[in-house]
Amino acid sequence: MSQLFRLNKEGLINRNKKISFTFNGKKLFGYEGDTIASALIANGIHLVGRSFKYHRPRGFFGAGVEEPNAKLQVEFNGHSEPNVNATEMELVEGLSATSQNCWPSVNFDIGAINNFLKMFFPAGFYYKTFMWPKSFWYKIYEPFIRKAAGLGVASIEKDKERYEHKFEYCDLLVTGSGPSGLASAYAAAKNGAKVILAEDKPRFGGTLLTDDVSIDNLSGKDWAEKIITELKSMPNVTVKNRSQVFGYYDHNMLVMFERVSDHLEKKSKFTPRQRLWYIRAKETILSTGSIERPIVFGNNDTPGIFLSAAAKEYMKVYGVLVGKKPLIFTNNDSAYETALEFKKNNVEPIILDTREEHSSEVIDEAKSKGIDIRFSHGVIVANGYKKVKSAKIGKLNKDKNSFERIETVDCDCICVSGFWTPSVHLASQSGNKLKYEEKIDAFIPDKKKQHETSVGAANGSFTLEESLKNGFENGSNLSAKITDTKTEIAIPNVNEKKYGAHDKFWCMPLPKNENPKRFVDFQNDVSVSDIEIALREGYRSIEHVKRYTTLGMATDQGRTSNLNGLQLVSNIENKIVPEVGHTTFRPPFTPITIGTIVGREVGMEYMPTRKTPMHEWHEKNNAVFVDAGAWKRPRYYKQGNETLFEASKREAKNVRENVGICDVTTLGKIDIKGPDAAEFLNRVYTNAWMKLPVGKARYGLMLREDGIVMDDGTTTRISENHYHMTTTTAQAANVLSHLEYYLQIVWPELNVNVVSTTEQWAGAAIAGPKSRDMLSKLYPNLDVSNEALPFMGYKEAEFFGVTSRIFRISFSGELAYEINVKSDHGMFMWEKMMEVGKEFGNQPYGTEALSTLRIEMGHVAGPELDGRTIPSDVSLNGLVSKKKDFIGKNSLGREAFNVESRQKIVGLIPIDRKSSIPEGSHIVQDQNAKLPNPKLGHVSSSCWSVENNNPFSLAIMKDGKNMIGKKFFAVSPLKNKSIEVEVISSHYVDPEGKRVRS
Amino acid sequence: MLYIKCPYCGLRAQKEFSYGGDATVKRPNINEEVSSKDWDNFVYMRKSPRGKHIELWQHIAGCRQWIKVQRDTATHEIFQTAKVTEEIR
C-alpha cells in the first residue's frame, strides 16, 4: 500500500529504512523514526479504536502523551502489551498492533449499539442501574460489565524481559528538553552542577522541532541539536531521551521511567527493557511545557479531528499529512502556524477563528499567503461516522451564543485549538498549590513547596524569548547556589512571531433542536450533558463530579479534558474557575509497566536467600527445604518415596531412640560484652541473671513493655563480661533492635555493647539418648560426663583442630548438645558428625521433626508466643522474678492478665487417638451449636507424637489447666473437620524433664 | 521516600531506617515505683499531632544508631535530626 499521506521530503524520519508492521492483520510499512500513529496516518488509516462506553469510532487526536483515544494492543519482541499509546510507541520491524474494545472488528463493532442507546447510559448509569436486586450483582451485572468494559487484554504469559531500578543523585534535574529545559540544563552545566536532563520523546528539543523560530540565526531544531551535543560532551551532565519523569515525591525524590530498548531491533540479553530511576535532586526544573486543549463541539470525537499542534507535528517531524482538506478551528494565533504549514505543503486550509476580525503578525502572514480565514466562525458539528467528511460551521453573533449564518463545508480533517494548558502535574505532585492565571485561563504553579521551579510554558510563559530567559536565569541561579560558581552566559537573540490575545471561548453553542454528543473527555466518553446531569443531581465538589462522571480519570488523566470540564462546571454554577478548583494530580503522569515497578525483585531476587554453611550437604541429601524468614531450612530429608509425615516421624523417632543432628545455624546469635552486661540481661529478661556463673547457660524469657512475651532463648556466660545470647530465628533482628533501643536510649549509663553474630557461627544440635556417646567420640580428649558437662553447662574445646563451643542445651527435650564452630568450618563439622555418628544410628532431622519433638515436650515456640500471650499463659511464670524489675514487669499486674478464666496452654489428644487435629482449629463445647459458636480456644501446634504413637496438639484455651480431663471439639471449617478431643497436660512426654539432665 | 540526615552517617534514604515512635516518651526508671496510670500512659498513650513531631528512627541498614528526627507529620518536612543524647529544640 502506498503512503498517500506521506510528504516527499519533510520530517525527521529516516527514509532510507523501511519498517514493516501489521495493523489489525493488514501488512503496512513506515520508516525508522515513525510512531505507530504517524505510520498509520501516512497510510491513510484513522479509525483505530472504539470508545469506552458508546463504542464510537475513534481516531488519533494528539501526537504524544496527550492522546486519549489511540490505545492499541501491541505485540512485539515476543510479548503482548495492552493500552499502548500509538502516538508514543516507536515503530519496530515486525510489530503487530490491533484495536481494542471492539468486537468483532473495529470497522464493525456490535457494542456500537450503545451509541444508539445513549439516552440510557448517562452519567452515574452503573450506580443507578445495577443496584437491585442485590443478588444479581455477582452473577449477572458484574460479569456483563466486565466483559463490556475495559480496554486491552493483559498477557498471562510470564514476562521474560528484564527490568531495572537505578538510584541517582544530582544537583539539578531538568524534566523536559524544550527551549526552557535546554536553557536551564545548559546554564547549570556551565556552572559545574551535576545535571540530569530527561526528555520523554525520542528526539530532544520539544517545540523547537516544530516551531517556526530562530535562535542566534539557527533554526530552533539546529539550536537544540547544538546545545544537546554540547551537553552530551560534558562529564557532569546525563542526557536521557525516552525518559518520562512521572512522579514527584517527598524530599525532592523524583521517579523516572526510561524506555531503554523497545525501539531496538536487536539487543543483548542483558539490556533491560525499561528502567526505573529514583532520582534525588537538590533542585528540580520543571520544563514540562504545555498541552493544547480542544474546543468542544458536536461529534468532536469523529476520527480525523486533531489538536492543531499535533497536526503540525505530524507534518514537521514525521512528514505526514493528517488530511488534504483541513479545517483549522481556533480561538488563538498558534493554530495559524498549522495552517501555514499545510499551505507550505500545497494543501489549502480554511481557518475558522472564533475571534472577530483583527490582525496580528501571524494572521497577516496567513492573509498574505491567500489562506481562507473566517472570523467569528466555528465548527458546530462534524459529519461523518468513521471519518470526518464535512462540517457544519456557523458564524457567531456578537454574544457568541447564537448564529448569524450556518453552512456546511467539505473537509477531511479538523484541527482544533482552544489555547494552551501548562503541564503542572509534577509541580502539583510536589505539593505546590496551583493558582489560576486569568491571562491564559489555566492553572500555573504557585509558591514553591519543595525545590521545584517551573519554567517556560509549564509556568505559563508562552513566548520563546521568555522561556529561554526563564530557563537560563533559573538554571544558572539554582545551580550557582549549589556549586558556588557562576558562569555568565549571553542570552541568545531570538526571532519569533508575536501572537495576539486568545479568545476565552471553549465550547461551541448548538443551534436549536440539534443535540449531537459534545465530548469533554474522550477516553471516558464524558460529554457536556453528562456533566450537566451530575450538577443537576446535586454534585458540587469537582472531586465528586469527577468520580460520578469519570471525567479526567483513566490512563490519559484528563490531559486534554480537565480544564474544559472545569469551565463547564463553573459556567453552569455561575462561579469562576478558581472557585471550582481543580482535581488532584497524582503520579504516575503517564502509565508505566508493572514490570518496571517490580524491577529485578522477582523470583529468586525477590528477597535475599540466606543459606547455612551446610546447605549444600542438605541439598545433596534430599532435603526438602522450608522458608524461615529469608533462611532456607531443611524441613525433612526424604528417603525413597517417603511423605513429609513419614519422614518427620522417622527422624523424630530416631532422636528419641538413638541420636540425630539438626542444623540450628539460623537461630539468632547476639554477642553481649561489657562490665554491665549482667545488669543489662537482668533488666531484659524476666528471670534472674546476676548470679549466672561463667561457663553456664540459662534459659531466658523477654517481654515487651506491655507484658506480652517477645522472645525466648538461652544466654551463656562465656567469660566475666562476655555473654552469648540466642534468639528464635524469626525474632533475631527485632531482638537486636530492642536491645540497642534500651542501651542507646533508655539506659545509656550501662556500659554494654551488643552485636549480631548470627552469621559468624555455624550451629548443629546433637540430640538423643546416644548423644553423649557421640559427643565423646567427637571430643576424645574432653570429659563430657554429666558431672563435667551438666545440663546448661558450657565448654570451649577443639573440634578436630578447629575452635568450637559446646552448649548443653535442649529444645527436643532429650539429652542434647549444641556445637558452634566458625561458619567456615560448618560443613567440616557437619560431615564429621555424620561420619562419627554412624555407629550410634545418627540421622539428620529437619524442622518438622524438630517441631514434633518440642510439641510433645510442651516447649513453646512461635505459634504459642504469638504476640498475645504473657508468661503465665504458656506456663512460664516460674521464670518471672518477683524480686527484681525488668522490661514489661509493671504490665503483668494488669487486671485482664490475671483473671482466672484467661486462655492458657494445654495439651489435646483426639478421643479416637487417630485423627490429626488441624492447626488453627477452634475449640468448642458443641460442634453443632448455632453460629456464632462460642470459641473456648484455638489449636496452636499439632504433631504426631512419636513417643505415644498418636496425634497430640498444643492449644491455648480458656480456663487452661482447669479443663484437663474434659472433652471438647476441635473444629476446622477450613479443613471441614471436627474432632472430639480430650484436654491433657501440655507436657505429654517426660513432664519432669529427666532426660535433659540424664 | 524521605531523606533523613543521620547525625552519624549523613543524608540517607528512608529505606535504610526503621521508625521507632514518639521520642519524647520517657520510660519510668527501673526499680522505681510507678502508678498504674503513669505506666499505662507510658505503654499505651501517644499523641498523634498534625504538625511537628519529634520521633525516633533507627538507622538499621547503616550505623544501627537510634536517632531523633523532628518531622512534620502532615508535610513530611524534616526540620532537624539529632543523636538521642542531644536535645531537639
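Matching residues to (1) among the aliphatic types (A, V, I, L, M); (2) surrounded by fewer than 16 Cβ atoms within 10 Å (Cβ to Cβ):
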site: B:Val34; (1), (2): yes, yes
site: B:Asp40; (1), (2): no, yes
site: B:Arg64; (1), (2): no, no
site: B:Arg71; (1), (2): no, no
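So, in the stretch A:706-727, of the ones that are in a strand (DSSP E or B) and among the aliphatic types (A, V, I, L, M), which residue ends up surrounded by the most Cβ atoms within 10 Å (Cβ to Cβ)?
So the residue we want is A:Met725.
Quick one: would you say A:Lys884 is of a type outside the set (S, T, N, Q), over 42 Å from the mean Cα position of the chain (by Cα) and modelled with pLDDT under 95?
no
Within the group A:Arg280, A:Arg203, which residue is part of a strand (DSSP E or B), of a type in the set (D, E, K, R) and either away from chain B (no Cβ under 14 Å) or under 26 Å from the mean Cα position of the chain (by Cα) (or both)?
The conditions single out A:Arg280.
Is there any pair with a first residue in the stretch A:316-330 that is touching a residue at least 24 places away in the same chain (Cβ under 8 Å) and a second that is part of a helix (DSSP H, G or I) and among the acidic types (Asp, Glu) whose Cβ atoms are under 9 Å apart and which are 6 or more apart or on different chains, and what are they?
A:Lys316/A:Glu341
Mind checking which strands (runs of 3 or more DSSP E) fall wholly inside the stretch A:1-111 and carry at least 2 residues that are of a type outside the set (Ser, Thr, Tyr) and within 23 Å of A:Thr302 (Cα to Cα)?
Fully inside the stretch A:1-111 and qualifying: A:71-76, A:79-85.
Select from the stretch A:654-674 the residues that are away from chain B (no Cβ under 14 Å) and either among the hydroxyl-bearing types (Ser, Thr, Tyr) or under 24 Å from A:Lys889 (Cα atoms) (or both) and write down the one among them that is surrounded by the most Cβ atoms within 10 Å (Cβ to Cβ).
Looking at residues that are away from chain B (no Cβ under 14 Å) and either among the hydroxyl-bearing types (Ser, Thr, Tyr) or under 24 Å from A:Lys889 (Cα atoms) (or both), I get A:Thr665.
Just need a number here: residues in the stretch A:746-771 that are closer than 16 Å to A:Ala677 by Cα and either out of contact with any strand residue (DSSP E or B) (no Cβ under 8 Å at 6 or more places or on another chain) or of a type outside the set (S, T, N, Q) (or both).
Residues that pass the stated criteria total 9.
Here are some residues: A:Glu488, A:Glu514, A:Glu473. Which one is among the acidic types (Asp, Glu) and touching a Gly at 6+ places or on another chain (Cβ under 9 Å)?
A:Glu514
Check A:Gly763 against each of (1) within 11 Å of chain B (Cβ to nearest Cβ); (2) surrounded by 19 or more Cβ atoms within 10 Å (Cβ to Cβ); (3) touching a Leu at 6+ places or on another chain (Cβ under 7 Å) and name the one condition it does not meet.
(1)
Residue check: is A:Leu40 closer than 20 Å to A:Lys201 by Cα, in contact with a His (Cβ under 9 Å, 6 or more places away or on another chain) and not assigned by TED's automatic domain parsing to the domain that holds A:Met315?
yes
Name the residues in the stretch B:56-89 that are more than 12 Å from chain A (Cβ to nearest Cβ) and closer than 16 Å to A:Val754 by Cα, would you?
Hit for the stretch B:56-89 is B:Gly62, nothing else.
Considering each of A:Arg902, A:Arg997 in turn, give the residue that is touching a Pro at 6+ places or on another chain (Cβ under 8 Å), at pLDDT below 95 and not β-branched (Val, Ile, Thr).
Result: A:Arg997 is the single residue among A:Arg902, A:Arg997 that is touching a Pro at 6+ places or on another chain (Cβ under 8 Å), at pLDDT below 95 and not β-branched (Val, Ile, Thr).
Pairs please, first residue from the stretch A:736-752 and more than 7 Å from chain B (Cβ to nearest Cβ), second anywhere and part of a helix (DSSP H, G or I) and β-branched (Val, Ile, Thr), Cβ atoms under 9 Å, 6+ apart in sequence or on different chains.
Once the first residue is more than 7 Å from chain B (Cβ to nearest Cβ) and sits in the stretch A:736-752, its partners that are part of a helix (DSSP H, G or I) and β-branched (Val, Ile, Thr) give A:His738/A:Val684; A:Leu739/A:Val684; A:Tyr742/A:Val684.
Please find, within the stretch B:1-14, the residue that is nearest to A:Arg280 (Cα to Cα) out of those that are more than 8 Å from chain A (Cβ to nearest Cβ) and either assigned to a loop (DSSP other than H, G, I, E, B) or of a type in the set (Phe, Trp, Tyr) (or both).
The selected residue is B:Cys9.
Among the residues of the stretch A:505-541, write down those that are in a helix (DSSP H, G or I) and among the aliphatic types (A, V, I, L, M).
Of everything in the stretch A:505-541, those that are in a helix (DSSP H, G or I) and among the aliphatic types (A, V, I, L, M) turn out to be A:Val528, A:Ile531, A:Ile533, A:Ala534, A:Leu535.
Can you name the residue in the stretch A:593-639 that is loosely packed, with under 14 Cβ neighbours inside 10 Å and of a type in the set (A, V, I, L, M, F, W, C) and is also nearest to A:Met827 (Cα to Cα) among such residues?
A:Ala630
Can you tell me which residue among A:Arg203, A:Arg259 is in contact with a Leu (Cβ under 7 Å, 6 or more places away or on another chain) and over 21 Å from A:Val494 (Cα atoms)?
A:Arg203
Restrict the check to the stretch A:907-920 and report whether at least one residue is touching a Leu at 6+ places or on another chain (Cβ under 9 Å) and either among the small types (Gly, Ala, Ser) or at positive phi (or both).
yes
Just for the stretch A:158-175: of the residues that are within 14 Å of chain B (Cβ to nearest Cβ) and among the aromatic types (Phe, Trp, Tyr), which one is nearest to A:Lys269 (Cα to Cα)?
So, considering only residues that are within 14 Å of chain B (Cβ to nearest Cβ) and among the aromatic types (Phe, Trp, Tyr), the one nearest to A:Lys269 (Cα to Cα) is A:Phe167.
Mind checking which residues of the stretch A:1-39 are of a type in the set (Gly, Ala, Ser), loosely packed, with under 11 Cβ neighbours inside 10 Å and touching a strand residue (DSSP E or B) at 6+ places or on another chain (Cβ under 9 Å)?
Across the stretch A:1-39, the qualifying residue is only A:Gly25.
Going through the stretch A:253-271 one residue at a time, which ones are touching a Ser or Thr at 6+ places or on another chain (Cβ under 9 Å) and modelled with pLDDT of 95 or more?
A:Leu254, A:Met256, A:Phe257, A:Glu258, A:Arg259, A:Val260
For the stretch B:15-48, name all the residues that are at positive phi and more than 8 Å from chain A (Cβ to nearest Cβ).
Answer for the stretch B:15-48, where residues must be at positive phi and more than 8 Å from chain A (Cβ to nearest Cβ): just B:Gly21.
Scan the stretch A:690-705 residue by residue and report those that are within 14 Å of another protein chain (Cβ to nearest Cβ) and assigned to a strand (DSSP E or B).
Residue satisfying the conditions is A:Leu703 alone.
Of (1) within 12 Å of A:Leu701 (Cα to Cα); (2) of a type in the set (A, V, I, L, M, F, W, C); (3) away from every other protein chain (no Cβ under 14 Å), A:Val899 satisfies all except one. Which?
Unmet for A:Val899, out of (1) within 12 Å of A:Leu701 (Cα to Cα); (2) of a type in the set (A, V, I, L, M, F, W, C); (3) away from every other protein chain (no Cβ under 14 Å): (1).
Conditions: (1) assigned to a helix (DSSP H, G or I); (2) touching a residue at least 40 places away in the same chain (Cβ under 8 Å); (3) over 23 Å from A:Lys435 (Cα atoms). A:Asn477 meets all but one. Number of the miss?
Just one mismatch for A:Asn477, condition (2).
Looking only at the stretch A:864-887, count how many residues are away from chain B (no Cβ under 13 Å) and either touching a residue at least 40 places away in the same chain (Cβ under 8 Å) or surrounded by 17 or more Cβ atoms within 10 Å (Cβ to Cβ) (or both).
Total satisfying the criteria: 15.
The values are calculated or read from the model by the stated rules, or taken from the named source; none is laboratory data. Given the structure is predicted, the values throughout are model-derived calculations rather than measurements. With ideal geometry, Cβ positions are generated from the backbone for all residues, glycine too; neighbour counts draw on all protein chains shown.
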